[in-house]
Amino acid sequence: MIAYLDNSATTQCSEAAAEKMMQVLRVDFGNPSSLHTKGMEAENYIRDARKIIARTLKAKEKEIIFTSGGTEANNLAIVGTAFARKRLGKHIIVSPVEHASVANPMKFLSENGFEVEFLPVDSNGRVLIDSLWDMIRPDTILVSMMHVNNEIGAVMPIKEAAKIIKEKNPKCYFHVDAIQSYGKYEILPDRWGIDLLSVSGHKIHGPKGSGFLFCHEGVLLQPEILGGGQESGMRSGTENVPAIAGLGVAAQEMYDHLKENREYLFSLKEHFVSAISQVEGIHVNGLTGEDSAPHIVSVSFQGVRAEVLLHALEDKGIYVSSGSACSSNRPAVSRTLTAIHVEKEYLDETLRFSFSVHTTVEEIDYAIDTIKSILPILRKYTRH
């Protein structure tokens, strides 16, 4: 049996999205910048996807900038804001539990004259929102905060944060990394006060190499990719039409079934947490109820290194992650687990299990039974 429980790393592309991509790749393959009919056909795919995505956010179509994925969207939002607004100030606020595609641009900015300050979080990984008011200054140009943490599923108080930011400093931009929340939550950036919002296609059953940045009308960014002026000059380069078309289909599918998908994911999570909690010597990190993300569970296994358990599960056809997939191929201490003060021995003993609408109860039960059978064996060979 195969149990794919690493859906926060990537999801299986939906059949409808893949079929749409194949149509674009093989039949309607024109360059959207071309003036002839083939070019117009390609441009129509981009226009349709932009319309679908704007509708899911109740935003304007011109507020959607297509990118190669969430990392590029985060970089454009953060670095683009910093260099476009550096004359207004160089103070930036960010949480300490962000994905590497936010944390590393922040590191780059701090090395280039910007002041990056970290907003504290509680033991469940949620930002301490009361601290935000005191941290915002007249020279604060950006606050960046993920909506759902990719490692433990903590859900940030985005609406409350936006309200504080706009009351304290209306000129400050608010960027939200929604890569783990888009398609699982209703998100209304214009209504909530979000200026910039990043999304990745392959987290919602769309293709890899697809994503977008919501950029509120009037927000000023410095483009990072210069060339032919595509995407209103904000992201030059011939658009990846097949990926954009597939992304549009995936977004439509996710939001057509948003409520039932969330309910199903929460039922899977509840079943998993209940079963895994009966395993001796484990600790579930963060919240697990409906105040957490419906698809992510972080579990620490006392006495077994995460990499050892990961590969032992892999041998049984069970696929999980030892943290953020974008960083899991390089040994590193988790920023999130460190920030929430997980016990030191657990930092290297934690796996992430993440579900999708295609995950079944049978897969979860198989994973739990396998863990119960192999943990005692692995613990016998633990180094002391």
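Bear in mind that the values in this text are calculations on the coordinates, not laboratory data. Remember, it's a predicted structure, so these values are computed and weren't measured experimentally. In this analysis, Cβ positions are derived from the backbone assuming ideal geometry, glycine residues included, and neighbour counts consider all displayed protein chains.
Rg over Rh for the stretch 61-155 works out to 0.97, both radii taken from alpha-carbon positions and Rh defined as the Kirkwood radius. If you add up the charges near L268, with Lys and Arg at +1 and Asp and Glu at -1, over every other residue whose beta carbon is less than 15 angstrom from its beta carbon, what do you get? Once all neighbours under 15 Å are counted, the net charge is -4. Residues of the stretch 89-133 falling in the label zone of H283, defined by backbone nitrogen less than 19 Å from a point 7 Å along Cα to beta-carbon, are 97, 121-126. Spin-label pair E115-E263: with each label point 7 Å from Cα along the Cα-Cβ axis, the two points sit 5.0 nm from one another.
Over the chain, Cα pairs under 8 Å with separation of 6+ residues give a relative contact order of 24 percent. Applying a length cut-off of 18 Å (Cα extent along the axis) and a mean Kyte-Doolittle floor of 0.0 to the DSSP H helices of the chain leaves 70-84, 241-256, 361-380. Classify the stretch 229-347 as rounded, prolate or oblate, taking a ≥ b ≥ c as the square roots of the eigenvalues of its Cα gyration tensor: rounded when a/c is under 1.5, otherwise prolate if a/b is larger than b/c and oblate if not. Prolate, because a/c is 1.5 or more and a/b exceeds b/c. Put the Cα centre of the stretch 188-216 next to the Cα centre of the stretch 80-111 and the gap is 19 Å.
Over every Cα atom in the stretch 1-136, the radius of gyration and the widest Cα-Cα span, Dmax, amount to 20.2, 58 Å.
In plain terms, the C-alpha convex hull of the stretch 51-114 casts an average shadow of 5.4 nm² when viewed from every direction. What does the charge add up to near F214, with Lys and Arg as +1, Asp and Glu as -1, over the other residues with Cβ less than 12 Å from its Cβ? Net local charge, F214 excluded: -2. Taking R0 as 51 Å, what's the FRET efficiency between S33 and S123 from their Cβ-Cβ distance, rounded to 0.05? In this case the efficiency is close to 0.50. For each pair in K168/K344; K107/K171; K20/K203; K203/K316; K20/K184, compute the distance between the two Cα atoms and list the pairs where it is over 27 Å. From K168/K344; K107/K171; K20/K203; K203/K316; K20/K184, over 27 Å: K168/K344.
To the nearest whole percent, what portion of all C-alpha pairs in the stretch 273-315 is separated by more than 13 angstrom? Cα-Cα pairs of the stretch 273-315 separated by over 13 Å account for 61 percent.
Maximal additional length on extending the E307-M40 stretch stands at 91.2 nm, based on 0.36 nm per residue less the C-alpha distance. Model label points for M22 and W133, set 7 angstrom from Cα along the Cα-to-Cβ axis, are 5.7 nm apart. Using a simple spin-label model with pseudo-atoms 7 Å out from Cα toward Cβ, I377 and T338 lie 3.5 nm apart. Using a Förster radius of 22 Å, what is the FRET efficiency between E290 and V361 based on their Cβ-Cβ separation? Nearest 0.05, please. The pair E290/V361 has a calculated efficiency of 0.70. Taken over the stretch 128-196, the ratio of Cα radius of gyration to 2.2 N^0.38 Å equals 1.08. Using the Cβ of V241 as centre and a radius below 10 Å, the other residues enclosed give a net charge of -4, where K and R count +1 and D and E count -1. About the centre of its Cα atoms, the stretch 124-274 shows a dipole size close to 160 debye [charges on the beta carbon of Lys, Arg (+1) and Asp, Glu (-1) only; nearest 20 debye].
Across the stretch 88-128, Cα pairs under 8 Å and at least six residues apart give a relative contact order of 47 percent. Here the sum of -39500 (n - 2.57) over DSSP H runs of 4 or more residues, divided by the residues of the chain, equals -12500 deg cm²/dmol at 222 nm, to the nearest 500.
Please label the shape of the chain as rounded, prolate or oblate, based on the square roots a ≥ b ≥ c of the eigenvalues of the alpha-carbon gyration tensor (a/c under 1.5 means rounded; beyond that, a/b larger than b/c means prolate, else oblate). Judged from the Cα gyration tensor, the chain comes out oblate (a/c at least 1.5, b/c at or above a/b).
Measuring between their Cα centroids, the stretch 293-314 and the stretch 24-79 lie 37 Å from each other. Which shape class applies to the stretch 2-74: rounded if a/c is under 1.5, otherwise prolate when a/b exceeds b/c and oblate if not, where a ≥ b ≥ c are the square roots of the Cα gyration tensor eigenvalues? Here the stretch 2-74 falls in the oblate category.
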